[in-house]
Amino acid sequence: MQSITYDVCIVGAGISGLSTAAFLHARQPELRLLVLEQSRHPGGAIETYGASGYQAEWGPHGFLDNCEESRMLIRLAGLEGEVTTAPLGEFVRYVCLGGRLRCIPQKPLQILKEPLIPWSAKLRVLADLWKLPLTGEPTVAQWVAHRFGPALLPFADAVFTGTYAGDIERLKIDAVMPGVRELERRHGSVIRGVVAKMRGAGRQPSATKKTLPAMTSFAGGMARLPERLAAGLAASGALVYGNGVHGLLRETEGWRVQAEQGEVRCRHLVLALPVNQCLELLTPALPTMPPPLAAIPEARILSVLLGFDQRARIPFGFGYLSPEREQRFTLGALFSSHMFPGRAPAGHQSLEALVGGRRHPERLELTDAQLIESVRRDLGQLMELPEPSFTAVLRPRSGIPQLEAGYTELLAWRQRVQAADDRLHLCGFGWKGIGINDMTKEARKVALRIGAQATVGEQDEVKGVYF
Ligand SMILES: Cc1cc2nc3c(=O)[nH]c(=O)nc-3n(C[C@H](O)[C@H](O)[C@H](O)COP(=O)(O)OP(=O)(O)OC[C@H]3O[C@@H](n4cnc5c(N)ncnc54)[C@H](O)[C@@H]3O)c2cc1C
C-alpha cells in the first residue's frame, strides 16, 4: 500500500462498507478511497451457494424493494437487468399454529380480519387506545402483551424469528422498533399514533391502499450485489483483500489504521463492521470513552437445503415460520424455488429449513445427517414430502446481532462517539437495524456526513412490519 493519506478508509467489504464506498464515489469521485477487507472475498454475511443445479443462500435471501438507498445501490452496481422479485402481494406466508400451516395476511393488522384469533382477542387489541406506555426497557413480548394482548404473541414471535432468529422474551422493543415506540410515547397509543401519522401524510386511514413491496434478489443470487460493487474497487486498487485491521490510532489530522499488510493514514475512518467486531477494534482506541457493553449477544442459524422432484407438495408462497410455543425442531422454511426462478434444476423444487436461533444454539452442534433427518421428520408432518433428491447443510459464519438489554445505551454511546469526532463513522450489522435496507440507509448517511452534503437526522423511522 502506498504511503499516502487517504481521504476515507473503510474497514470491511460487506454490504455496509461496499455501499458506503459506492455512495461516496458516486458523489465525490475525486476522493481517495481505500477499503480494507480481512477475508479473500467481498460480501461478509452475503454468500450464495450453488451445487447440482440448486442455488441457496448462506446469509440473506433478499431485501424489500421499498428502500430508496438499496434501489440506488442496484443502479450503481449496474445490476438492474439481473434483478428478480417476488412481490409480497402475490406470495403468501404461513405460520405454524396448532401443528399445521395457516396462511396469514402479509400485514400484521390484517390478522384481525382473519379467523386466526377469537373475537375477544380482537377486541382486546383496542385496549391499546388507553393503555399507558410501559416504562423502562420492556421486551417485545412484554410490550405486545401489554398493548395488544397475549393472543398476538405467536405472531410477534413469528415476525422476530423470521428477522432476528431472536427471542421475543429478550429482544427489547425500544431497540427493534424505536419508531413505533416513539409513536406510542407521543400519542399514548400505537393505533392513535399510526392514524395521526397517516393524517399527517395527507392520507385518510380508511382510504389507504398502499402497495406491498417485493422481495428482491438477483438471478445469480444475493452475492451478485457485493461482487459487482467490489469488482470496480478491487480493479482500481481501492479494495484490498486479506488485509485485516488490528489497531487504530487517533491522530491530529485523522486516523492511523494498522492492518496486516501495513499502516494506512486517513482523514475519515469508516468502521463498516458488525457491532461486536467494531467494539473489539474501537474500544482500545477510545480509552476515555469506554462503551457501556463489551459485546452484544448474537444468534446463529444454519439452513438445511432440501431438493425434491415434482411429487413434493410444497405449498405456494414464501415459506413459513413457527413460534416457539409450537415446540418444533425447525424455526421455519423458505420455499426457495417458489420465490425465485432458477433455484432448483428443471423438474425439481427446493426449500431451505432454518435451525437454531437465539433459543436453540445446541441444535447447531448436530451432525449434518442428524439435522437432515430431524428437519425431514418435522417438515414431513406439515407437508407431503417424498425422499429428497438433494440435501446440503449450510452453516453461515456470521451471527445475527441481538438487540437486547443495554442496546439502546450502546446506540447512544455510538452517537456520542461520532459527535465527539466528525472523522469517525460507525455503520454495519446491528448498528441501527440488522437488514440489508438498514445497512444501505446507514451507509448513505455516512457518505453524506463525510461529504457534508446534509445534516443527517437521527430520527427513528416507523418501519413496516411484514411476515
Ligand atoms: C444467516 C443470515 C440471514 C440473513 N438474512 C437476511 C435477509 O433475508 N434479509 C436481509 O435484509 N438481511 C438479512 N441478513 C442480514 C444481512 O446479511 C446483514 O444486514 C448484512 O449482510 C450486514 O452487512 P455488513 O457489511 O454490515 O456486515 P458483514 O456482512 O458482516 O461484513 C463485514 C465485513 O467486514 C470484514 N471484517 C471484519 N473485521 C474486519 C477487520 N478487523 N478488518 C478488515 N475487515 C474486517 C468481514 O470479513 C466482512 O467482510 C441475514 C444475516 C444472516 C447472518
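The values are calculated or read from the model by the stated rules, or taken from the named source; none is laboratory data. Since the structure is predicted, the reported quantities are computational estimates derived from the model, not experimental observations. Here the Cβ positions follow ideal geometry from the backbone for every residue, glycine too, while neighbour counts run over all protein chains shown.
Being of a type in the set (Ser, Thr, Tyr), closer than 23 Å to residue 429 by Cβ and surrounded by fewer than 22 Cβ atoms within 10 Å (Cβ to Cβ), is that true of even one residue in the stretch 373-383? If you could, list the steps in order and put the result at the bottom.
As a first pass, look at the stretch 373-383 and keep what is of a type in the set (Ser, Thr, Tyr): 374.
If we keep only those that are closer than 23 Å to residue 429 by Cβ as well, we get none.
No, the conditions are met nowhere in the stretch 373-383.
Does the stretch 5-27 include one or more residues that are modelled with pLDDT under 95 and either touching an Asp or Glu at 6+ places or on another chain (Cβ under 9 Å) or part of a loop (DSSP other than H, G, I, E, B) (or both)?
yes
For the stretch 18-56, give me each residue that is within 18 Å of residue 254 (Cβ to Cβ) and either hydroxyl-bearing (Ser, Thr, Tyr) or within 12 Å of the ligand (Cβ to nearest atom) (or both).
Our first condition is that a residue be within 18 Å of residue 254 (Cβ to Cβ); within the stretch 18-56, this holds for 20-21, 24, 28, 30-36.
20, 21, 34, 35, 36 - these are the residues of the stretch 18-56 that are within 18 Å of residue 254 (Cβ to Cβ) and either hydroxyl-bearing (Ser, Thr, Tyr) or within 12 Å of the ligand (Cβ to nearest atom) (or both).
With respect to residue 199, determine if the residue is more than 21 Å from residue 443 (Cα to Cα) and at pLDDT below 90. Give the steps one after another, and end with the answer.
Details: more than 21 Å from residue 443 (Cα to Cα): yes; at pLDDT below 90: yes.
Against the criterion (more than 21 Å from residue 443 (Cα to Cα) and at pLDDT below 90), residue 199 qualifies.
Does the stretch 347-396 hold any residues that are of a type outside the set (A, V, I, L, M) and in a strand (DSSP E or B), and which are they? Let's see the steps before the verdict.
Step one: of the stretch 347-396, the residues of a type outside the set (A, V, I, L, M) are 347-350, 352, 356-363, 365, 367-368, 370, 373-374, 376-378, 380-381, 384, 386-391, 395-396.
348, 349, 350, 352, 356, 384, 390, 391 - these are the residues of the stretch 347-396 that are of a type outside the set (A, V, I, L, M) and in a strand (DSSP E or B).
Does residue 242 satisfy being at positive phi and either within 13 Å of the ligand (Cβ to nearest atom) or assigned to a helix (DSSP H, G or I) (or both)?
Values: at positive phi: yes; either within 13 Å of the ligand (Cβ to nearest atom) or assigned to a helix (DSSP H, G or I) (or both): yes.
Taking the combined requirement at face value, the residue satisfies it.
What pairs come out if I take residues in the stretch 242-260 that are of a type in the set (Lys, Arg) and pair them with residues that are within 14 Å of the ligand (Cβ to nearest atom) and assigned to a strand (DSSP E or B) whose C-beta lies under 8 Å away, six or more apart or interchain?
Every condition considered, the pairs that remain are 256/248; 256/263; 256/264.
Quick one: residue 232 ticks every box in (1) surrounded by fewer than 21 Cβ atoms within 10 Å (Cβ to Cβ); (2) of a type in the set (Gly, Ala, Ser); (3) closer than 27 Å to residue 318 by Cα except a single one, so which number is it?
So residue 232 meets the others, but not (3).
Conditions: (1) touching a residue at least 12 places away in the same chain (Cβ under 8 Å); (2) assigned by TED's automatic domain parsing to the domain that holds residue 277. Residue 419 meets all but one. Number of the miss?
Exception for residue 419: condition (1).
Is at least one residue of the stretch 350-362 modelled with pLDDT under 95 and within 14 Å of the ligand (Cβ to nearest atom)? Reasoning before the result, please.
Initially, the stretch 350-362 is screened for residues modelled with pLDDT under 95, giving none.
No, because not a single residue in the stretch 350-362 is modelled with pLDDT under 95 and within 14 Å of the ligand (Cβ to nearest atom).
Please pick out the residue among 280, 263 that is charged (D, E, K, R), surrounded by fewer than 21 Cβ atoms within 10 Å (Cβ to Cβ) and part of a helix (DSSP H, G or I). Show your work before the answer.
Working: 263 fails: part of a helix (DSSP H, G or I).
None of the others qualify; the one that does is 280.
Can you tell me which residue is surrounded by the fewest Cβ atoms within 10 Å (Cβ to Cβ) among those in the stretch 397-448 that are assigned to a helix (DSSP H, G or I) and within 8 Å of the ligand (Cβ to nearest atom)? Show your work before the answer.
So in the stretch 397-448, the residues assigned to a helix (DSSP H, G or I) come out as 407-420, 436-448.
Within this subset, residues satisfying the condition of being within 8 Å of the ligand (Cβ to nearest atom) are 436-439.
Numbers: 436: 26, 437: 21, 438: 23, 439: 34.
Only one residue tops the list, namely 437.
Looking only at the stretch 251-263, decide whether some residue is touching a helix residue (DSSP H, G or I) at 6+ places or on another chain (Cβ under 7 Å) and modelled with pLDDT of 95 or more. Outline the logic, then answer.
Going through the stretch 251-263, the residues touching a helix residue (DSSP H, G or I) at 6+ places or on another chain (Cβ under 7 Å) turn out to be none.
There is no residue in the stretch 251-263 that is touching a helix residue (DSSP H, G or I) at 6+ places or on another chain (Cβ under 7 Å) and modelled with pLDDT of 95 or more.
Across the stretch 264-314, what is the total count of residues that are touching a strand residue (DSSP E or B) at 6+ places or on another chain (Cβ under 9 Å), away from the ligand (no atom under 16 Å from the Cβ) and of a type in the set (Val, Ile, Thr)?
Of the residues in that region, 1 qualify.
Would you call residue 256 part of a strand (DSSP E or B), in the same structural domain as residue 443 (by TED's automatic domain parsing) and in contact with a Ser or Thr (Cβ under 6 Å, 6 or more places away or on another chain)? Give the steps one after another, and end with the answer.
Working: part of a strand (DSSP E or B): yes; in the same structural domain as residue 443 (by TED's automatic domain parsing): yes; in contact with a Ser or Thr (Cβ under 6 Å, 6 or more places away or on another chain): no.
No.
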